[in-house]
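J.: The structure is given below, and queries will be raised subsequently.
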Amino acid sequence: MIANYAAKPELSRGRRFPEPAPLYRSEFQRDRDRIIHSKAFRRLEYKTQVFVNHEGDLYRTRLTHSLEVAQVACAVARNMGLNEDLTEAIALAHDLGHTPFGHAGQDALNGCMKLFGGFEHNLQSLRVVDHLETSYAEFDGLNLTFETREGILKHCAVKNAAMLGDVGERFLTKTQPSLEAQIANLADEIAYNNHDIDDGIRSGLISIEQFCAVPLFCETYEEVIARYPKLEERRLIHEIVRRLIGKMVIDLTDTSTQMIQQSGVNSIDQVRQQSSPLIRYSSELLMQKNALKSFLYQNLYMHPTVYRMAWKAQKIISSLFTIYMQDIKLLPVKYQDFIKSMPNDETYKARVIADYIAGMTDRYAMKEYGQFHDLSRLH
Ligand code: MG
């Protein structure tokens, strides 16, 4: 049932360090398995999506977000006869490089790294799977296939792309990644737009009535109410959100299938040669989705409660960065040794510190900050 233009494990461009083919599983299944068994994947459980982990047990974390992205992405890939295993591997790995405290953490670390090449979580996810996981005897990183690495690197500045070799090339030639990578990219947005509605209402920061200002939400709300007029709020929200996800998945499947037919592509190489992505929403759904996204930005991400959390998170991240830059002896010995291996290289030193901070969970970062700022605790 696999389409001609799907990614095929037997035609993979391979791994950076060649390995014998796996038994009883495909190359992309092996990638997915390595991602799930990585340390960075387990840490996602304690990293913020929007709400800090300790604010409540039902909010999404980076881990549950990544699982929801994989669910949505695999549904679309399956609908379209694409490679589900590759799609799943990319979706599960897409946020491995995320800092603690969500986007606030990334923005703060990017600010700290301004003079040292900046910090970008996509690039960091690639760095995790290429270098920072150190569990295998024969290589650093997870030694994933080109196709999974290509998908993880969904954005990249041209100046960084030039230093990345094969996976960076498409940002210079303005070509496309596999359809599986394009799906994982859009599934990220489908997952967070919808789970942030759910978490936004759960937190009490936004009401259902407020969300009704968004046309797509409002029409879906009315569909549910017409069928179940007396539904209690939690069930009502779930019935709305499941329909919203369904609408986005169906629109994405139908529009992309049409785009592929029109383009006439017949292989992954032809997919890569396209000047724009073939995985797309219809223009109507795109408009509706953008309206939802900007509503969430204004009313949830910029809500005073979320903003205050983000402000504190930025202080924690930049303070830790400054402290370690001033005295590397405050770092774990492993990181001190990395820095000492390249003496007098401030850019490398900053990168090692950024790697350490980016790898922290929310609670680890808060504890570490507390130890430097509450000097009555001498441990
Ligand atoms: Mg994500």
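J.: Name the single residue, out of those in segment 5-31 being farther than 22 Å from residue 272 by Cβ and either in contact (Cβ under 8 Å) with a residue 12 or more places away in the chain or assigned to a helix (DSSP H, G or I) (or both), that is least open to solvent (accessible area, probe 1.4 Å).
T.: Step one: filter segment 5-31 for residues farther than 22 Å from residue 272 by Cβ, giving 17-25, 29-30.
When the remaining residues are screened for being either in contact (Cβ under 8 Å) with a residue 12 or more places away in the chain or assigned to a helix (DSSP H, G or I) (or both), the result is 17, 19, 29-30.
On the way: 17: 90, 19: 55, 29: 50, 30: 20 Å².
Top of the filtered list is 30.
J.: Please verify whether segment 170-191 includes one or more residues that are in the same structural domain as residue 91 (by TED's automatic domain parsing), open to solvent by less than 10 Å² (accessible area, probe 1.4 Å) and either over 26 Å from residue 33 (Cα atoms) or modelled with pLDDT under 95 (or both).
T.: no
J.: In addition: For segment 49-97, which residues satisfy the criterion of being under 13 Å from the mean Cα position of the chain (by Cα), part of a helix (DSSP H, G or I) and among the small types (Gly, Ala, Ser)?
T.: Passing the criteria: 66, 70, 73, 89, 91, 93.
J.: Now a separate question. Whether any residue in segment 219-226 is of a type in the set (Asp, Glu), in contact with a Lys or Arg (Cβ under 7 Å, 6 or more places away or on another chain), surrounded by fewer than 19 Cβ atoms within 10 Å (Cβ to Cβ) and more than 29 Å from residue 90 (Cα to Cα) is what I want to check.
T.: The answer is yes, given that some residue of segment 219-226 is of a type in the set (Asp, Glu), in contact with a Lys or Arg (Cβ under 7 Å, 6 or more places away or on another chain), surrounded by fewer than 19 Cβ atoms within 10 Å (Cβ to Cβ) and more than 29 Å from residue 90 (Cα to Cα).
J.: Looking at segment 42-53, which of its residues are among the hydrophobic types (A, V, I, L, M, F, W, C), modelled with pLDDT under 95 and within 12 Å of the ligand (Cβ to nearest atom)?
T.: Within segment 42-53, 50 is the sole residue that qualifies.
J.: Continuing with this model, one more query. Of all the residues that make up segment 73-97, how many are open to solvent by 20 Å² or more (accessible area, probe 1.4 Å) and within 16 Å of the ligand (Cβ to nearest atom)?
T.: 1
J.: Suppose the filter is surrounded by 11 or more Cβ atoms within 10 Å (Cβ to Cβ), closer than 19 Å to residue 106 by Cβ and free of Cβ contacts under 8 Å to residues at least 40 places away in the same chain; does residue 353 pass it? Break it down into steps so the answer makes sense when it comes.
T.: Values: surrounded by 11 or more Cβ atoms within 10 Å (Cβ to Cβ): yes; closer than 19 Å to residue 106 by Cβ: yes; free of Cβ contacts under 8 Å to residues at least 40 places away in the same chain: yes.
Yes, satisfied.
J.: Follow-up. So which residues in segment 54-67 are open to solvent by less than 50 Å² (accessible area, probe 1.4 Å) and away from the ligand (no atom under 16 Å from the Cβ)?
T.: Within segment 54-67, 56 is the sole residue that qualifies.
J.: If you take the residues of segment 98-120 that are surrounded by 24 or more Cβ atoms within 10 Å (Cβ to Cβ) and under 30 Å from residue 255 (Cβ atoms), which of them is nearest to the chain's Cα centre (by Cα)?
T.: Ranking the candidates gives 98 first.
J.: Return only the number of the condition from (1) in a loop (DSSP other than H, G, I, E, B); (2) open to solvent by less than 30 Å² (accessible area, probe 1.4 Å); (3) β-branched (Val, Ile, Thr) that residue 2 does not satisfy.
T.: (2)
J.: Could you please let me know if residue 70 is of a type in the set (Gly, Ala, Ser), closer than 25 Å to residue 354 by Cα and within 16 Å of the ligand (Cβ to nearest atom)?
T.: Answer is no for this residue.
The values are calculated or read from the model by the stated rules, or taken from the named source; none is laboratory data. Predicted model, so just to flag it, every value in this text is computed and none were measured. With ideal geometry, Cβ positions are generated from the backbone for all residues, glycine too; neighbour counts draw on all protein chains shown. The accessibility values were calculated without ligands, DNA or RNA, using every heavy atom of the protein model including side chains. Shrake-Rupley method; radii C 1.70, N 1.55, O 1.52, S 1.80 Å.
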